[in-house]
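Trainee: This is the structure I have questions about; it appears just below.
Values in this text are rule-based calculations from the coordinates and carry no lab data. Everything numeric in this text was worked out from a predicted model, so none of it was measured. Virtual Cβ from ideal backbone geometry, glycine too; neighbours counted across all protein chains shown.
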2 protein chains.
Amino acid sequence: MTEVALRAKVSAMSVSRALRTPHQVSPETLRRVQKAVREMGYVPNRLAGGLKAPSRTQLAAAIVPSLQNSLFSGTIQGVTDALRKKGINLMLGDSHYSHEEEESLIGAFLAHRPCGLVLHDTAHTPGARRLLRNAGIPVIEIGNLVPRPVDLVVSYSNFAAAKAMTGHLIGRGYRQLAFVGLPSADNERSKERQRGFRAALADGHLPYDETRVIETDGSFESGARALVQLLDMRPRIDAIFFTGGVTAVGAMMECTRRGWDVPKKVAIAAFDDWPVSRLLKTPITALEIPRYQIGERAAELMLRRLDGDHGRIPPVDVGFRVIERQST
Amino acid sequence: MTEVALRAKVSAMSVSRALRTPHQVSPETLRRVQKAVREMGYVPNRLAGGLKAPSRTQLAAAIVPSLQNSLFSGTIQGVTDALRKKGINLMLGDSHYSHEEEESLIGAFLAHRPCGLVLHDTAHTPGARRLLRNAGIPVIEIGNLVPRPVDLVVSYSNFAAAKAMTGHLIGRGYRQLAFVGLPSADNERSKERQRGFRAALADGHLPYDETRVIETDGSFESGARALVQLLDMRPRIDAIFFTGGVTAVGAMMECTRRGWDVPKKVAIAAFDDWPVSRLLKTPITALEIPRYQIGERAAELMLRRLDGDHGRIPPVDVGFRVIERQST
DNA sequence: TTGTACGCGTTATCAG
DNA sequence: CTGATAACGCGTACAA
């Protein structure tokens with residue numbers, strides 16, 4: 001910056017002002033500075049700025065369970081788009097669905113002094129919670145409407161959504177329901193969805209049968225396998241709720257392969273509305289969840305905090321919608 | 001850090017050393033520092049470190065055309081995984097397929113002084129090139145095997161891959177080929193693929209017919225539309241090469257819907273091996289491209305430069321493979 | 001409106 | 001192996 005100042009024949013301070021608060025310098029100074037900046041290809045150093053004003057590093061961070069899941073990509077896109085308008089860039093990390101890795105990532109990210117942190121996960125190790133508390137920056141959790149958030153929340157209720165979808169199945173007349181979820185051991189969202197399923201069964205006065213609840217990884221093959229396994233074991237099952245968008249498609253394709261009629265032989269519902277779902281010969285009933293909007297609003301809340309709003313901000317429920325298609 | 005030093009009763013310098021080069025301090029000092037760090041929940045400030053040693057900000061950056069495209073996600077996953085082993089985090093941005101946005105992002109990123117930059121695009125505005133030159137950091141281009149790279153390249157040849165796939169079609173006996181590509185105006189990869197298609201036609205002594213080359217966006221619907229449009233116009237077309245993985249699936253589903261036999265009525269080949277491709281009733285012939293590995297190796301090259309290797313490093317060609325399935 | 005002095009937290013350097 | 005010192009590039013606070 002000093003070099004720019006020399007070239008423009010003003011002080012370094014004027015350069016700083018010309019760049020950050022152009023209206024505070026005379027037009028002449030501004031012009032000279034801009035000219036010098038252009039000629040030299042000067043790129044400001046935010047490290048130095050952030051050192052002085054830690055709340056304005058213009059860098060935010062986000063951690064998702066997996067970068068490869070298109071659902072998360074949608075949300076991340078929302079975050080980056082919204083932040084970029086304010087000149088804030090995003091550091092992105094991937095916890096591989098592990099709370100320990102999340103903690104380690106949080107530590108690594110905080111070292112860069114981000115001005116905000118978006119976390120998809122809502123369960124954290126004690127170490128992670130401590131880091132977050134001490135960081136003194138806005139933290140936005142987006143994976144679930146948590147009852148006791150670290151700070152801010154923008155999400156939907158996994159419980160309510162799963163319950164609504166199960167309720168939809170019951171409303172359509174299905175009575176022998178099964179549930180194929182993702183591993184719930186380390187995953188609050190998975191647990192909540194399972195809880196929603198049970199709650200809807202209870203509401204419908206249907207018995208809960210543990211053997212009709214399966215957990216699998218999120219692949220096509222697992223979906224197909226789960227379908228076959230369930231129907232082999234309990235031929236009377238008339239509807240299956242898959243909480244993985246991919247597993248539902250896998251199951252549907254398996255039905256096609258075997259010539260099984262959906263929804264006559266068995267109805268299929270999905271939690272995530274995976275793009276292919278609606279294009280299959282029998283489009284799959286699924287939940288619409290505004291993934292992009294979650295990211296966008298998360299970024300907005302972060303910006304609100306950065307603008308000085310330190311008051312309590314209530315959780316934002318973006319909601320969901322059951323999209324009925326031919327598979328149920 | 002000063003506080004840690006006080007608590008551990010050593011100098012700040014010893015703390016710095018204990019954290020970065022533990023073998024350079026006595027076991028006793030190390031122990032005391034670690035204890036203090038743990039007790040205080042100290043998180044080092046990399047901004048300050050980066051200010052002093054700009055080449056070790058422990059922050060890298062990557063720009064992809066779209067965050068939502070699963071192909072790019074795979075590569076990004078490779079980059080983050082490889083960098084994380086060295087404690088380097090990733091800033092991620094999205095150019096929305098625009099060179100101007102890319103330039104703007106590069107500028108924004110450089111302000112954070114990343115120690116390396118991964119770019120999917122291989123065509124850049126003059127402004128972007130200038131920024132990259134002046135930045136003095138390793139730049140890795142990964143979208144195509146460019147002839148005149150900015151610095152380092154890890155990729156495959158879009159030209160060769162498209163040519164190989166077209167050659168495969170010709171080898172299978174198809175003679176009336178059509179090509180459905182993505183918009184090529186601002187996209188080198190798209191242009192190269194189209195060039196590969198033409199080159200294979202020439203090699204096979206087949207005429208090139210402009211009206212059989214269509215450009216569409218990458219949606220299911222566009223794929224279906226392109227298919228219908230081509231076959232309506234030129235019923236003799238016996239094979240279509242889609243360079244979007246999604247468009248190929250869309251077209252295939254449209255065939256199913258209309259009861260068109262693939263590959264009897266028309267063969268379908270895809271550039272990208274989109275996960276669903278292999279699961280359809282008629283699995284789609286596609287190119288296998290090691291997306292994750294591209295990211296991994298890009299990160300490795302970056303690390304090599306950071307380790308002091310300033311020599312010329314030749315482009316890394318990760319290659320590709322034609323996966324023949326029933327659609328051709 | 002513009003400039004000066006100082007400090008942010010860390011590391012390179014050099015002396016002990 | 002350890003410590004003192006200066007410096008990285010910018011922003012705050014104050015003064016001109």
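Trainee: Based on DSSP, what percent of beta bridges with both residues in segment A:218-328 are antiparallel, to the nearest 5?
Mentor: That works out to approximately 30 percent antiparallel.
Trainee: Name the residue farthest towards the positive end of the dipole of segment B:223-290 from the options B:252, B:241, B:276, assuming +1 on Cβ of Lys and Arg, -1 on Cβ of Asp and Glu, about the Cα centre.
Mentor: So the residue furthest toward the plus end is B:252.
Trainee: What is the gain in length, in nm to one decimal, between residue A:195 and residue A:321 on full extension, counting 0.36 nm per residue of separation less the C-alpha to C-alpha distance?
Mentor: Taking 0.36 nm per residue and subtracting the Cα distance, the gain is 43.5 nm.
Trainee: Taking a threshold of 27 Å on the Cα-Cα distance, which of the pairs A:35/B:191; B:35/B:86; B:163/B:265; A:265/B:265; A:281/B:265 fall above it? Mind showing how you got there, number by number?
Mentor: Numbers: A:35/B:191 37 Å; B:35/B:86 24 Å; B:163/B:265 23 Å; A:265/B:265 32 Å; A:281/B:265 20 Å.
Distance filter (> 27 Å) returns A:35/B:191; A:265/B:265.
Trainee: Can you compute the equivalent ellipsoid semi-axes for segment B:233-286, i.e. the square root of 5 times each eigenvalue of the Cα gyration tensor, sorted largest first and rounded to whole Å?
Mentor: Equivalent-ellipsoid dimensions as semi-axes: 17, 12, 9 Å.
Trainee: In addition: Where the eigenvalues come from the Cα gyration tensor of segment B:1-82, what are the semi-axes √(5λ) of the equivalent ellipsoid, largest first, in whole Å?
Mentor: On the way: eigenvalues 258, 35, 27 Å².
One finds semi-axes of 36, 13, 12 Å for segment B:1-82.
Trainee: What list of ³J(HN,Hα) couplings, whole Hz, do you get for segment B:174-181 from phi and the Karplus terms 6.51, -1.76, 1.60, once you set θ to phi - 60° and write x for glycine and proline?
Mentor: Result, rounded to whole Hz: 6, 10, 10, 8, 10, 9, 10, x.
Trainee: Along the Cα→Cβ direction, 7 angstrom out, place labels at residue A:257 and residue B:125. What is the inter-label distance in nm?
Mentor: 4.9 nm
Trainee: Quantify how strongly other chains surround peptide B:38-50 by giving the mean number of their Cβ atoms within 10 Å of each of its Cβ atoms. Working shown, then result.
Mentor: Details: counts 0, 0, 1, 7, 1, 11, 4, 8, 8, 14, 5, 2, 7.
The shielding value for this peptide is 5.
Trainee: Sticking with this structure for a sec: If you take all C-alpha pairs in the protein assembly as shown, what percent of them are over 47 Å apart?
Mentor: Percent of Cα pairs beyond 47 Å in the protein assembly as shown: 23.
Trainee: Mind computing the radius of gyration and Dmax over the alpha-carbon atoms of segment B:221-320? Å is fine for both.
Mentor: Considering segment B:221-320 through its Cα atoms, Rg and Dmax are 19.0, 60 Å.
Trainee: Can you say what percent of the DSSP beta bridges in chain B, counting only those with both residues inside, are antiparallel? Round to 5.
Mentor: DSSP beta bridges in chain B are roughly 10 percent antiparallel.
Trainee: Would you grab the residues whose amide H sits under 5 Å from the one on residue A:242? Only those 5+ places off in sequence or on another chain, please, with H modelled 1.01 Å from N.
Mentor: Hits under the 5 Å cutoff: A:180, A:269, A:270, A:271.
Trainee: A further question on this structure: Could you go through segment A:198-212 in sequence order and give the Karplus-derived ³J(HN,Hα) for each residue, using 6.51 cos²θ - 1.76 cosθ + 1.60 with θ = phi - 60°, rounded to whole Hz, and x for Gly and Pro?
Mentor: Per residue, the Karplus-derived 3J(HN,Hα) values read 4, 4, 5, 4, 4, 4, x, 6, 9, x, 9, 10, 4, 6, 9 Hz.
Trainee: Roughly what % of DSSP beta bridges within the protein assembly as shown run antiparallel, to the nearest 5?
Mentor: 15 percent
Trainee: Using modelled amide H (1.01 Å from N, peptide plane; none on Pro or chain starts), what sits under 5 Å from the amide H of residue A:60, excluding residues fewer than 5 places away?
Mentor: Here A:89, A:90, A:91, A:115 satisfy the definition.
Trainee: Dipole size in debye (nearest 20) for chain B around its Cα centre, Lys and Arg Cβ +1, Asp and Glu Cβ -1? Intermediate values should be presented prior to the final figure.
Mentor: On the way: 44 positive and 34 negative charges, 244 e Å.
Dipole of chain B, to the nearest 20 debye: 1160 debye.
Trainee: Moving on. Would you mind pulling out the separation of the Cα centroids of segment B:207-283 and segment B:165-182, in Å?
Mentor: Each part reduced to its Cα centre gives a spacing of 11 Å.
Trainee: With θ set to phi - 60° and the Karplus curve 6.51 cos²θ - 1.76 cosθ + 1.60, what are the ³J(HN,Hα) couplings of segment B:125-136 in order, to the nearest whole Hz, using x for Gly and Pro?
Mentor: Going residue by residue, I get 5, x, x, 4, 4, 5, 4, 5, 4, 6, 5, x Hz, with x marking Gly and Pro.
Trainee: Moving on. Have a look at B:187, B:289, B:301 and report the one farthest towards the positive end of the charge dipole of chain B, computed about the Cα centre with Cβ charges (Lys/Arg +1, Asp/Glu -1).
Mentor: Result: B:301.
Trainee: In debye, nearest 20, what is the charge dipole magnitude of segment B:30-93 about its Cα centre with +1 on Lys and Arg Cβ and -1 on Asp and Glu Cβ, if you could check?
Mentor: Values: 10 positive and 2 negative charges, 104 e Å.
Charge dipole of segment B:30-93: 500 debye, to the nearest 20.
Trainee: Report, by chain and number, residues whose modeled amide H sits under 5 Å from the one on residue B:25, excluding near sequence neighbours (fewer than 5 apart, same chain).
Mentor: none
Trainee: Would you compute, for the Cα atoms of chain A, the largest minus smallest coordinate along each principal axis and list the three values in descending order, in whole Å?
Mentor: So the extents along the principal axes, rounded to whole Å, are 84, 40, 28.
Trainee: For A:141, B:324, B:101, A:28, what ranking results if the residue with the fewest other Cβ atoms within 10 Å of its Cβ goes first?
Mentor: Lowest count first: A:28, B:324, B:101, A:141.
Trainee: Report, to the nearest 10°, how far helix A:27-40 tilts away from the longest principal axis of the Cα atoms in chain A, using its own Cα long axis and a range of 0 to 90°.
Mentor: Once rounded, the angle reads 70 degrees.
Trainee: I've got another one for you. Based on the mean of other Cβ atoms within 10 Å per residue, sort peptides B:129-140, A:32-43, B:303-314, A:58-69 so the most packed one is first.
Mentor: Per-residue mean Cβ counts within 10 Å order the peptides as A:58-69, B:129-140, A:32-43, B:303-314.
Trainee: What is the spin-label model distance, in nm, from residue B:31 to residue B:202 if the labels are put 7 Å beyond Cα along the C-beta direction?
Mentor: Once both label points are built, they end up 7.4 nm from each other.
Trainee: Still on this model: If you place +1 on the Cβ of every Lys and Arg and -1 on the Cβ of every Asp and Glu, how big does the dipole about the Cα centre of the protein assembly as shown come out, in debye to the nearest 20?
Mentor: 1300 debye
Trainee: Tally Lys and Arg at +1 and Asp and Glu at -1 over the other residues with C-beta under 14 Å from the C-beta of residue B:107: what net charge comes out?
Mentor: Here the charged neighbours net out to +3.
Trainee: Have a look at B:263, B:204, B:316 and report the one farthest towards the positive end of the charge dipole of segment B:172-328, computed about the Cα centre with Cβ charges (Lys/Arg +1, Asp/Glu -1).
Mentor: B:263
Trainee: Further question: From other protein chains only, count the Cβ atoms within 10 Å of every residue's Cβ in A:156-168, then give the mean. Spell out each step's value before the answer.
Mentor: Values: counts 0, 0, 0, 0, 0, 0, 0, 0, 0, 0, 0, 0, 0.
Mean shielding by partner chains, rounded to a whole number: 0.
Trainee: Continuing with the same structure: By count of other Cβ within 10 Å, fewest leading, how are A:274, A:260 ordered?
Mentor: Fewest-to-most Cβ neighbours within 10 Å comes out as A:260, A:274.
Trainee: Just to compare against my own numbers: the Cα pair-distance distribution for segment B:158-288, 5 Å bins, whole % per bin, please.
Mentor: The calculated distribution, bin by bin, is 2, 12, 24, 27, 22, 10, 3, 0.
Trainee: Using label points projected 7 Å from each Cα along Cα→Cβ, tell me how many nm separate residue B:232 and residue A:24, to one decimal.
Mentor: Here the answer is 6.2 nm between the modelled labels.
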